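**Q** The structure is given below, and queries will be raised subsequently.
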Amino acid sequence: MHIDPRTDAARRDLADVRLADRVFAPHYAAPLTWIVTTATPLVESRADNAEILTSLGSGDLFEVLELSAGYAWGRAPAAGLVGYVDANCLKAAQ
């Protein structure tokens with residue numbers, strides 16, 4: 001089955017548990033809903049020159065699968081895209 005890393009939250013080391021029936025990964029994570037507090041780009045990778053996939057606005061939801069080195073990796077459900085955002089621009093949903 002084809003997995004698209006731009007829309008399916010699956011990497012070599014980690015995948016969204018909702019994809020467990022479609023992809024094998026050493027680790028799975030259940031997404032936690034966070035809220036964007038400050039507009040921020042959703043980028044393809046942590047690299048300085050990473051492609052901007054879309055912009056997330058204040059109040060948008062972001063499904064976090066990993067927090068590491070100042071970035072959150074996960075899925076922006078409204079855009080249907082997977083990528084990285086600045087973790088400082090997020091707060092946990094209540």
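The values are calculated or read from the model by the stated rules, or taken from the named source; none is laboratory data. Remember, it's a predicted structure, so these values are computed and weren't measured experimentally. All Cβ positions, glycine included, derive from the backbone under ideal geometry; neighbour counts span all protein chains shown. Surface accessibility is based on the protein's heavy atoms, side chains included, excluding ligands, DNA and RNA. Shrake-Rupley method; radii C 1.70, N 1.55, O 1.52, S 1.80 Å.
**Q** Of the trypsin sites (Lys or Arg not before Pro) in the stretch 16-48, which ones lie in a loop per DSSP and count no more than 15 other C-beta atoms within 10 Å?
**A** Details: sites: 18, 22, 46; in loops: 22, 46.
Passing sites in the stretch 16-48 are 22, 46.
**Q** Out of the chymotrypsin sites (Phe, Trp or Tyr not before Pro) in the stretch 1-87, which ones are loop residues according to DSSP with at most 16 other C-beta atoms within 10 Å? Mind dumping the intermediate values first?
**A** On the way: sites: 24, 28, 34, 62, 71, 73, 84; in loops: 24.
When the chymotrypsin sites (Phe, Trp or Tyr not before Pro) of the stretch 1-87 are filtered for loop state and at most 16 Cβ neighbours within 10 Å, 24 remain.
**Q** Could you work out the relative contact order of the chain? I mean the mean sequence separation of Cα pairs under 8 Å and 6+ apart, divided by the number of residues, in percent.
**A** Working: 204 pairs, mean separation 25.6, N = 94.
RCO, the chain: 27 percent.
**Q** If Lys and Arg each add +1 and Asp and Glu each add -1, what is the summed charge of the other residues whose beta carbon sits under 14 Å from the beta carbon of residue 37?
**A** Values: positive: 91; negative: 60, 86.
So the environment of residue 37 carries a net charge of -1.
**Q** Just subtract the alpha-carbon distance of residue 12 and residue 24 from 0.36 nm times their residue separation and send over the number in nm, one decimal.
**A** Full extension of this stretch gives 3.4 nm more.
**Q** Pop out the carbon and sulfur fraction of the accessible area of the chain as a percent, whole number, probe 1.4 Å. Don't jump to the answer; show the numbers that get you there.
**A** Working: 2840 of 5440 Å².
Carbon and sulfur together cover 52 percent of it.
**Q** I need to check one value: relative contact order of the stretch 53-94, counting alpha carbon pairs closer than 8 Å and at least 6 residues apart, in percent.
**A** Working: 52 pairs, mean separation 12.6, N = 42.
Here the relative contact order equals 30 percent.
**Q** Additional query: What size of dipole, in debye to the nearest 20, comes out for the chain about its Cα centre when the only charges are +1 on Lys and Arg C-beta atoms and -1 on Asp and Glu C-beta atoms? Intermediate results must be reported in sequence, preceding the final value.
**A** Working: 8 positive and 12 negative charges, 29 e Å.
Dipole about the Cα centre, nearest 20: 140 debye.
**Q** Moving on to the next point. Using amide H atoms built 1.01 Å from N in the peptide plane, name the residues 5+ places from residue 55, or on other chains, whose amide H lies under 5 Å from its own.
**A** For residue 55, whose amide H was placed from the backbone, the distant partners under 5 Å are 42.
**Q** If I build a Gaussian network model for the chain, linking alpha-carbon pairs within less than 10 angstrom, which residue out of 69, 29, 79 has the largest mean-square fluctuation?
**A** Comparing 69, 29, 79 in a Gaussian network model of the chain, the most mobile one is 69.
**Q** Which of the following values of log10 I(q)/I(0) by the Debye sum over Cα atoms at q = 0.10 Å⁻¹ was calculated from the structure shown: (1) -0.66; (2) -0.31; (3) -0.23?
**A** For log10 I(q)/I(0) by the Debye sum over Cα atoms at q = 0.10 Å⁻¹, the calculated option is (3).
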